[in-house]
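The values are calculated or read from the model by the stated rules, or taken from the named source; none is laboratory data. Predicted, not measured: the structure shown is a model, and the values here were computed from it. Glycine also receives a Cβ, built like all others from the backbone with ideal geometry; neighbour counts cover every protein chain displayed. Heads up: the accessible areas ignore ligands, DNA and RNA and are worked out on the full protein's heavy atoms, side chains in. Shrake-Rupley method; radii C 1.70, N 1.55, O 1.52, S 1.80 Å.
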Amino acid sequence: MAALRLGPLLRYVDGSSATVWVETSRPGTAEVRCADGSGGTAGTFQVAGHHYALVRVTGLTPGTATPYEVFLDGARVWPPAEGPSPPLPPSVIPAPGTGDRVRIAFGSCRWASPPAGGHDPVGPDALDTLAGRVVADPDAERPDVLLLLGDQVYADETSDATRAWLAARRDLNDPPGDQVADYEEYTRLYYESWLDPRVRWLLSTVPSCMIFDDHDVIDDWNTSASWVEDMRATSWWRERVLSGLMSYWVHQHLGNLSPAELAADPLYAAVRESPDGTDALRAFASRAEADAATVRWSYRRDFGRVRLLMVDSRAARVLAEDERSMLDPGEAAWLREQVLDGRGSYDHLLVGTSLPWLLPHLVHDVEGWSSVLCRGDKGARWARLGERLRRAADLEHWAAFPESFADLAELIAEAGTGPEAPATVCVLSGDVHHAYVAEPSWPGRAGPDARVVQLTCSPVHNSIPLSMRLGFRFGWSAAARWLGRVFARHSGLARPPVTWRKTGGPWFGNQLMTLTTRGRSAVLRLEHTREDPAGTRLRTVAETPLSR
């Protein structure tokens with residue numbers, strides 16, 4: 001009898017349809033049956049000995065939340081016959097209606113939680129805690145969509161349990177040691193991350209959008225051209241990066257796409273039509289690793305009058321030192337087209353990029369300085385020093401690509417100006433293991449009519465070393481800003497087109513941000529996990545209106 005190995009994950013949802021992702025124990029037919037009679041079926045496809053299905057559910061009634069079940073070859077597998085105690089509420093598909101309220105929760109950097117009852121060295125998991133709150137009161141507030149902004153799995157920082165599993169599989173004295181090496185080992189990371197009962201239920205009932213960051217493959221992925229050259233010279237990198245891209249496509253990317261985009265995707269068709277899609281997917285990953293311009297991981301979602309553009313700021317880079325860019329030309333053109341398409345048709349523009357656009361001023365200036373050194377403007381010795389610093393200190397955010405930083409500033413100003421401007425333009429990011437709000441201004445010119453904010457929220461579940469706390473607190477200080485100007489003067493870079501100030505934070509801890517829009521209004525809430533005698537809960541530490 002077929003069993004459900006992973007999922008269901010509720011992914012794309014609009015007013016009348018949805019997609020539900022599952023992994024099964026063997027080939028077969030997956031079916032979603034909804035209480036109102038809507039539903040859908042899909043045959044499984046195979047990759048590297050694993051079987052998956054993405055079921056398109058049709059016939060949903062807008063404005064309803066419909067309970068559903070999952071069947072494999074006619075036998076019910078979700079909800080499970082023997083679920084956790086206490087039991088979880090039914091999974092539902094919430095089809096958006098014509099209301100103008102949208103509630104979007106977001107964060108990044110989620111290291112897998114330990115098994116129930118196990119010691120958690122990094123504190124309570126914000127995603128698990130959110131799930132617990134909704135389970136305790138199914139009628140309480142829940143997100144309309146969950147944005148996971150990178151580092152959904154950590155291929156290079158495995159848990160004790162995973163290291164033991166790896167050691168039983170191969171010799172950890174051989175590279176890459178206790179990091180994952182191939183597709184099978186990636187599947188272990190997804191099981192560990194998504195099989196927690198409450199998180200599994202949450203992902204089955206709240207639609208999710210995802211994008212990768214570096215740890216989904218390896219720390220500092222695509223930092224520089226010389227970094228890539230060094231990695232390609234190792235014996236293990238090719239299998240690692242291809243497996244990372246393949247597993248991302250299966251577990252995360254497919255669910256980001258609309259039914260129309262899936263229907264037009266030749267790779268999805270080839271994988272589904274083949275008895276074994278491994279070779280087709282591996283060839284795709286090989287092309288993507290060799291030339292980022294051959295694939296687009298970025299995508300657009302519209303939630304009523306809220307437009308979300310999830311931007312690939314990791315794999316789409318141009319890394320040659322004399323033409324470094326965060327986005328290759330095709331990706332940059334796509335972003336501009338999506339921002340300006342139908343201006344006036346959205347009230348809020350959300351740009352999701354795993355890496356923050358606006359950083360503490362000292363960090364920004366050091367990253368710009370390092371980019372000049374690495375380019376060779378100060379000579380070969382400075383270039384070698386710059387590359388060492390870039391890798392050691394993770395100097396590879398938007399600020400390390402000065403022209404891309406400026407281009408994004410100009411695009412945001414254009415989108416946010418004029419009679420068709422949205423009420424807000426929000427850049428949503430993670431990565432830096434703390435949360436903050438920063439607001440830019442455009443010196444020497446009138447700023448956008450929209451309110452523009454950088455909203456950074458990280459981690460969902462990870463450690464925050466004391467050195468990082470102290471460093472980022474100092475990075476926002478006046479003394480750090482003065483020190484940053486020293487680096488900026490030495491670099492010779494022109495001043496960026498925007499200045500900015502921190503208007504919230506920094507906040508440290510396992511946390512989630514929630515942006516709630518209603519018409520042209522928007523309110524931001526930040527919640528931290530807290531343990532007290534009554535259990536783990538999310539506590540609001542900041543709530544701020546964003547619209548002007």
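When residues in the stretch 337-346 are screened for being surrounded by fewer than 18 Cβ atoms within 10 Å (Cβ to Cβ) and touching a Leu at 6+ places or on another chain (Cβ under 9 Å), 1 of them pass. Residues that are under 23 Å from LEU373 (Cβ atoms), of a type in the set (S, T, N, Q) and buried (at least 16 other Cβ atoms within 10 Å of the Cβ): does the stretch 490-500 have at least one? The answer is yes; a qualifying residue exists. Filtering the stretch 254-265 to residues that are more than 13 Å from SER17 (Cα to Cα), surrounded by fewer than 20 Cβ atoms within 10 Å (Cβ to Cβ) and in contact (Cβ under 8 Å) with a residue 12 or more places away in the chain leaves GLU261, LEU262. Filtered by the rule that a residue be over 19 Å from ALA315 (Cβ atoms) and not basic (Lys, Arg), the stretch 268-279 gives ALA269, ALA270, VAL271, GLU273, SER274, PRO275, ASP276, GLY277, THR278, ASP279. When you look at VAL180, is it of a type in the set (A, V, I, L, M), over 19 Å from SER354 (Cα atoms), crowded, with 21+ Cβ neighbours inside 10 Å and in contact with a Gly (Cβ under 9 Å, 6 or more places away or on another chain), yes or no? Spelling it out, VAL180 is indeed of a type in the set (A, V, I, L, M), over 19 Å from SER354 (Cα atoms), crowded, with 21+ Cβ neighbours inside 10 Å and in contact with a Gly (Cβ under 9 Å, 6 or more places away or on another chain).
For the stretch 66-77, residues that are crowded, with 17+ Cβ neighbours inside 10 Å and out of contact with any Lys or Arg (no Cβ under 8 Å at 6 or more places or on another chain) total 3.
Each residue in the stretch 102-151 was checked for being open to solvent by less than 10 Å² (accessible area, probe 1.4 Å) and either part of a loop (DSSP other than H, G, I, E, B) or in contact with a helix residue (DSSP H, G or I) (Cβ under 6 Å, 6 or more places away or on another chain) (or both), and 8 pass. Just so you know, in the stretch 156-190 the residues that are of a type in the set (A, V, I, L, M) and more than 17 Å from LEU6 (Cβ to Cβ) include one that is farthest from the chain's Cα centre (by Cα), and it is ALA168. Give me the residue from the stretch 371-415 that is touching a residue at least 40 places away in the same chain (Cβ under 8 Å), part of a helix (DSSP H, G or I) and among the charged types (D, E, K, R) and, out of that set, nearest to SER345 (Cα to Cα). Taking the candidates together, the pick is GLU414. Of all the listed residues (ARG287, ARG300), the sole one being closer than 30 Å to PRO402 by Cβ and assigned to a helix (DSSP H, G or I) is ARG287.
Within the stretch 163-182, the set of residues being in a helix (DSSP H, G or I) and within 26 Å of ASP128 (Cα to Cα) comprises ARG163, ALA164, TRP165, LEU166.
If the condition is being of a type outside the set (D, E, K, R) and free of Cβ contacts under 8 Å to residues at least 24 places away in the same chain, then the stretch 65-85 contributes PRO79, ALA81, SER85. For the stretch 416-454, the candidate set comprises residues that are surrounded by fewer than 21 Cβ atoms within 10 Å (Cβ to Cβ) and not in a loop (DSSP other than H, G, I, E, B); within that set, the residue that is nearest to the chain's Cα centre (by Cα) is GLU439.
Would the stretch 513-528 turn up any residue that is at negative phi, touching a helix residue (DSSP H, G or I) at 6+ places or on another chain (Cβ under 7 Å) and surrounded by 13 or more Cβ atoms within 10 Å (Cβ to Cβ)? Within the stretch 513-528 (the criterion being at negative phi, touching a helix residue (DSSP H, G or I) at 6+ places or on another chain (Cβ under 7 Å) and surrounded by 13 or more Cβ atoms within 10 Å (Cβ to Cβ)), the answer is no, since none of the residues qualifies. THR516: of a type in the set (Ser, Thr, Tyr), touching a Lys or Arg at 6+ places or on another chain (Cβ under 9 Å) and either in a loop (DSSP other than H, G, I, E, B) or modelled with pLDDT of 95 or more (or both), yes or no? Here the answer is yes, as THR516 does meet what is asked. Among the residues making up the stretch 219-231, a single one is open to solvent by less than 20 Å² (accessible area, probe 1.4 Å) and over 17 Å from ASP291 (Cα atoms): ASP220.
Every test in (1) open to solvent by 60 Å² or more (accessible area, probe 1.4 Å); (2) out of contact with any Lys or Arg (no Cβ under 6 Å at 6 or more places or on another chain) is passed by ARG539 save one, and that test is (2). Those helices (runs of 4 or more DSSP H) of the stretch 184-255 in which at least 1 residues are touching a strand residue (DSSP E or B) at 6+ places or on another chain (Cβ under 6 Å), considering only elements entirely within it, cover 197-205.
Here's the yes/no breakdown for (1) touching a Lys or Arg at 6+ places or on another chain (Cβ under 8 Å); (2) open to solvent by less than 20 Å² (accessible area, probe 1.4 Å):
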| residue | (1), (2) |
| --- | --- |
| THR294 | yes, no |
| TRP297 | no, yes |
| ARG307 | yes, yes |
| MET326 | yes, yes |
| LEU335 | no, yes |
| HIS348 | yes, yes |
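Taking LEU281 as the residue in question, decide whether it is touching a residue at least 24 places away in the same chain (Cβ under 8 Å) and not in a helix (DSSP H, G or I). No: the conditions fail for LEU281.
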